[in-house]
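Let me begin by presenting the structure, written as structure tokens, before commenting on it.
The values are calculated or read from the model by the stated rules, or taken from the named source; none is laboratory data. What you see is a predicted model, and the numbers here were worked out from it, not measured in a lab. Here Cβ is always computed from backbone atoms with ideal geometry, including for glycine, and neighbour counts include all displayed protein chains. Please note that ligands, DNA and RNA were not included when accessible areas were found on the heavy atoms of the full protein model with its side chains. Shrake-Rupley method; radii C 1.70, N 1.55, O 1.52, S 1.80 Å.
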Amino acid sequence: MSSTCSLLGCETLDNRNFSLEDYGGPTPRWCPGCGDHAILTAVQRLLATEQLKPETTVFVSGIGCSSRFPHYVETYGFHGIHGRALPLATGIKLARPELDVFVVMGDGDCCSIGAGHWVHAIRYNLNLTVMLLDNNIYGLTKKQTSPTTPQGFKSNTQPRGSYLPPINPLQTTLGITNASFVAQTADWMPSHLAATLEAAHAHQGLSFVRILQRCPVFTPDIFTEAVKNPQITDVLVHPQGIEDPTSAGIYKSQITHDPSDIHEARRLAEACDRVRVGLFFRNESFPRYEVLRTVPKRTVEEKINLLNKEFDRYAI
Amino acid sequence: MSCTPPSDSAPSTTAPTAATVHTLPEHILEILSDSGEGAQKCGQSFGAVSAKMGNGAWTVEIIPAEIQPPPRTPEGASGVRIRIGTDEVTNWGNRTKLVIAFNEQVLLSRHRVQALADDAIILIENMWETHADANIRQAWADAFAELSTANYRFIQVPMEEECLKIVDNPRRGKNMFALGLMSWIYHRDVEKVKDQIAMQFRHKPKEVYERNVRLLEAGIAWAQTHLDFRFDIPTGDVSEDLVVMNGNTALAMGAVMSGLELCSMYPITPATSVSHYLSSIFDDMGGVVHQAEDEIAAIGVAIGASYAGKVAFTVTSGPGMALKTEFIGLAVMSETPLVIVDVQRGGPSTGLPTKVEQSDLLSTLFASPGDSPKVVLAPSTIEECFHCMITARQIAETFRAVVVVLSDANLATGQQPFSRPKLQANWHALEPNLGPVKDGHQPFGWDAETGLSQRIVPGRLGGQYTATGLAHNEDSHVSYDPYNNQRTSAMRSRKLAVLQSTLEPPRVVGPESNDLLLVGWGSTRGAIEEAAEKARAEGLGVSSTHLTFLSPLQPGLKEIFSRFQHVMTVEINYSDEADDPYINEENRRRGQLSWLLRATTLVDVDCWTRVLGQPLSPGDILQVIKKKLS
Amino acid sequence: MPSDAHTKHLAAVAKPSLEGFRSSLATTIAQLQSLVAELEGDEAARSVHMAEHLGAFAQGRVNPNRFAQFAQGQQAATPAAAPVLQRAIAVLQEVHQAGTQLTHHTLQPGKNLRCLLSHSLRQIGRAFGAARVAQLATAGCFDEREHAPLLDQYLFRYWGPEQRKLAPMLVIHIEDGDVQATNLGEFLDGAVKVILNFGNLCSAAPLARLISPGVFVVQTTDPQLLAEFAAWDGPGVAAIVPQDCAQFVHNPLAGTALHQRLNLLHLPSHAPKHAFGGLSLQQQMEDVHQLQVLAKAAESAPASEEASPARPVDKLAALLLNKAHLEEV
């Protein structure tokens, strides 16, 4: 869309210096041990590293445990309705492309009730940083099966165990036309998480980051093995990928993967008994909706002239 | 040529000595064809030309639900009714007096719904009578047997034969030939007709225009040689600049003028043409039409955009409104200003997608979780479709409110001339001020008296807050405090009462106190007022009033109603008839506005409603008045 | 001396951008005047004003006077802000009326190009300073001591990103003077664009050292070539030079690789013979060399490597370009 055509819509350049505390909101009410805490810290660190202005940064979320996120960051935010964070974020970015917009969704939000928006937001490829905080369960409503719940996992809605194999958010996203940035990381890999968020934010286009997130209350065992045993984790590495030298000593299984290779990305994203983190795919040359939909700014006077020409066509 | 069925008479081949000219204050005609034969284009052109000549005009499209329904079927009938008059025309009138039909089946569809006057003149394509296909010949004969119950005067016109002299595919030319017939019959200014054709084909090669003009002239020539009658509808004075367009175009232009810059929508009949027209002009005017992936995303994007800056809007119809209800609740709760246009159609469910109904009033008022007060406006003319967008946007901003504009299929596709708006810069939204926020300014700093608060948009230094659909306090912090919820619910509701305090009581047309008051809303205004006027001319004590604000309602209704013996709404939605089986005073489900008025005024407001999928006719309303007062 | 035809043509090139800037000013002025009218007007005036804002649909249905009471509650500004807004409006009007005086300048002999540009942008910036004051006043945060100086000057270094995008194109006619164009670098941001119209005298390749990936740089004898330059919505600098100066176009839109962006049209046939604009012969030679080196690097880049740069140097270039977010501009 057009940016403002009044000077009152302009902001000034300033020399403020933001510290981590400048982004801290009220104390989060997540359960102790919830992976969301680590993700919040990583995001706040990113804001400070990138010196994003609190007043031009917006966090948008849906409904669920993770969707309380915007309340805990001292920026603008919109805590919307279940599954609909992406349409809200799309509107914000279309109206105000200069704002830095982050989207926080849970697995229910993104992969279930809002799955339609997921597909299309990926295709619009607006410049958004999208985080899927995936704990494999509905937490806020107390342990119902989510689309990413492992097959056989018992929940309150499927007490004999989840009937179907889970949806694969990475592969799904990699299958959508115009997907331009797809990465995976985990709440228990702080330096990798930070590096991934940094790359995602720097990406021009929609960056989709699935963050594996522990729920100590309802899915304490799902990620236990991955947390305890670094050997089952493969880290995708490449000069064009996500650089995380800090955790290289712990996660020794490294796969060199060129993130421009979509076929290899899809293969690596296939479900298997390994946990794969890193940058699966990136292409910054894909069309971005808010760029394509940039229109000239018009003053009221210009609009009146143009509208009058339209009225001429209908004049008697 | 008398009113004998065509199967018994050959068309006249000799020119009548002189056509008799009937001068009339108004006339109603229809052009009917199979879908795709261009009757609608022809009819709308005729309406536009008539308006341009200074006649009052009102056009109503007759639209099949499918894009390409089977040819030669009553349900596939596609066309336009045009009512023209010397004075202003405000509705589609009663029965059609002249028809041009491209086949007998489409004619049957209108005959069966009693749309045609008993003495209507019918010009009909005669190729079917002698068609090679025996089934078609039989269908023709059967149709005329059915049509013979009326006293129509049939005139056979060899349209196909005449058009073949000019074009190879007469399916793509008959409508221009028909326009020629109509132009001659009604003394239309041929130059104006040609201008209209030129405008219609302005993006096509010149040959296309020329071919169409030849067809037009052939129609005129045929009429001149073969018809023994003409109608003259004297034109009134055109003292001011007028424009003629349909309601959806007017809505789109109103949206641009009001400074709305993002229209987020999903295709749905009959609302879509707002975005069609808007898409053709909006980019150049600094606006964006966003076609979302679904109805829910459409409103979500609009709410996101509104939250971030200038008010945005979405355009939809009944089923789309149903899908949007959860998001409407979010906009109400987060007090994000928003304009929603609902171009109503027949329901429930998919219902009658292309036809008119006024059935979304109550669902608009109440269909959202919890108490979600919103503003509802209803334009009653095509002119108001333009102007109401400016008011809607202003109210949305001032009251941080959701404003729903209820239009309908009748306004959406009808054409009517109206005063050309003299565009004013003050109609346009102001740019958001991104200056810093003063210390202590809360995102929901409700004024305890009015419930109003000052919105903060992102980008403003020191204004950071998180909008939320959860119950919240002044700082937009989530609050489950019971008294907070009671108080903030009151704050959101209070805004409607405050808005109502700025409204004037509705105008009563006719005597201020009387036997019967008709109450309407939306597109039925012209028909109701015309019927009431006719009734008064016959000595009946009838007045009428038309409501444009439905939430909050305009003030003073109870007092106005008290001055009348009877009060009755006239609406295009469903109500039980009082004397239907099982129906009694208590269980009778009433017209939506009457339901609302009874609840708010405690007056025994009766209703008369129809869901025929067509506009109301003044003649039918007149009958209702007579029955009510008998 | 610059020819009249050139001058006229350059004025035409720069006109749309100045008009865009002035219409933004006009919008702002109208917006502020409307607000002042609301704040200062009596009840009757406010009522008329509100009726206009509500439009014809509201006529006879909404009482504008009553509505205005509530609409005013939406403003953080109090009547006390009105005088401050009036001062801001006066500045905005002054800048609006200045017209081409804002953007068309002549560099007198002996004067410094950078100073001239800085001064010119400061004048334009007064509008932004005034708008800032208006923002503060309407939000109720205006402080006379702290903020009033913004009405007098507003240095380029404080301009925000939108402001840098709004800057109108500058046209500088150069008679002589200190024309070390490399000094312009600090202003090449947002959509700041400068045209330098050299007369018959010029150094050999004054703009060579300004070539960088996101800046449109053009040196030409033909002002007709400036259409693309004018259409580009990023920063840029153009020079209209005499015959036999270096001529080239560096268009950031033409591609991500240097050889795609840089089109060398002409190199001077002789080495420079006169010092010009404070540049020694050696410095002028260095400009030409720089251009030659760049052009050579561009020419030798094989087309086939464009898709996936393999050599480390290209990778580095690609990486840098990537970081520069070129496709955004």
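Quick rundown of the values:
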item: Average accessible area per residue (Å²) across the protein assembly as shown - probe 1.4 Å, nucleic acids and ligands excluded; result: 38 Å²
item: Around residue B:549: net Lys/Arg minus Asp/Glu count, Cβ-Cβ under 15 Å; result: +4
item: Inter-site label distance for residue B:95 and residue B:442 at 7 Å from Cα along Cβ, in nm; result: 6.7 nm
item: Pair-distance profile P(r), taking every C-alpha pair of the protein assembly as shown, with 20 angstrom steps and integer %; result: 10, 32, 34, 20, 4, 0
item: Per-pair calculated FRET efficiency, R0 = 51 Å: residue C:123 and residue A:140 via Cβ, rounded to 0.05; result: 0.35
item: Highest-fluctuation residue, A:87, A:26, A:147 considered, GNM on chain A with Cα pairs under 10 Å; result: A:26
item: Förster radius 22 Å - calculated FRET efficiency between residue B:137 and residue B:75 (Cβ-Cβ, nearest 0.05); result: 0.55
item: Cα centroid of the range A:227-273 to Cα centroid of the range A:10-41, whole Å; result: 28 Å
item: Chain C: DSSP helices with Cα axial extent of at least 27 Å and average Kyte-Doolittle hydropathy no lower than 0.0; result: C:4-40, C:113-138
item: Accessible area, probe 1.4 Å, largest first, for residues A:264, B:207, B:357, A:21; result: A:21, B:207, A:264, B:357
item: Cα long-axis angle, helix A:85-95 against chain A (0 to 90 degrees, to the nearest 10); result: 30 degrees
item: Per-pair calculated FRET efficiency, R0 = 56 Å: residue A:157 and residue B:565 via Cβ, rounded to 0.05; result: 0.40
item: Per-residue SASA entry for residue A:290, accessible area with 1.4 Å probe, Å² rounded to 10; result: 10 Å²
item: Residue mean of other protein chain beta carbons inside 10 Å, B:387-395; result: 5
item: Chain lengthening between residue B:68 and residue B:240 when straightened (0.36 nm per residue, less Cα-Cα); result: 57.8 nm
item: With all protein chains modelled, accessible area of residue B:580 [1.4 Å, Å²]; result: 60 Å²
item: With all protein chains modelled, accessible area of residue B:453 [1.4 Å, Å²]; result: 10 Å²
item: Summed side-chain charge close to residue C:69 - residues other than residue C:69 whose Cβ falls under 13 Å, Lys, Arg +1, Asp, Glu -1; result: -2
item: Under 14 Å from the residue B:207 label point (7 Å along Cα→beta-carbon), backbone N, the range B:160-183; result: B:167-169
item: Label-point separation in nm, residue C:292 to residue C:183, each point 7 Å along Cα→Cβ; result: 2.8 nm
item: Solvent exposure ordering (accessible area, 1.4 Å, most first) of B:525, B:112; result: B:112, B:525
item: Solvent-accessible area lost in complex, 50 Å² minimum, residues of the range A:8-52 relative to chain alone, 1.4 Å; result: A:8, A:10, A:11, A:12, A:13
item: Cα lying deepest toward the dipole's positive end in the protein assembly as shown, options B:235, C:139, A:223, charges on Cβ; result: A:223
item: Distance violations [Cα-Cα > 30 Å] among B:41/B:628; A:93/A:303; A:93/A:142; B:310/B:558; result: B:41/B:628; A:93/A:142; B:310/B:558
item: Ranking by accessible area, most exposed first, for C:115, B:607 with a 1.4 Å probe; result: C:115, B:607
item: For chain A, the longest site-free run once trypsin sites (Lys or Arg not before Pro) in DSSP loop states with at most 15 other Cβ atoms within 10 Å are removed; result: A:30-141
item: C versus B: buried accessible surface, summed, Å² (probe 1.4 Å, to nearest 100); result: 2900 Å²
item: Extreme residue, positive dipole direction of the protein assembly as shown, given options C:210, A:211, B:425 (C-beta unit charges); result: A:211
item: Heavy-atom accessible area, 1.4 Å probe, ligands and nucleic acids excluded: residues of the range C:41-73 down by at least 50 Å² from chain alone; result: C:52, C:53, C:57, C:61, C:66, C:67, C:70
item: Sulfur and carbon atoms: percent of accessible area, the protein assembly as shown [1.4 Å]; result: 52 percent
item: Separation in nanometres of the label points that stand 7 Å from Cα toward Cβ, at residue C:37 and residue B:161; result: 6.7 nm
item: B/A buried area, accessible surface, summed, 1.4 Å probe, Å²; result: 5700 Å²
item: Residue-averaged 222 nm ellipticity for chain B, from DSSP H runs of 4+ at -39500 (n - 2.57), nearest 500; result: -11000 deg cm²/dmol
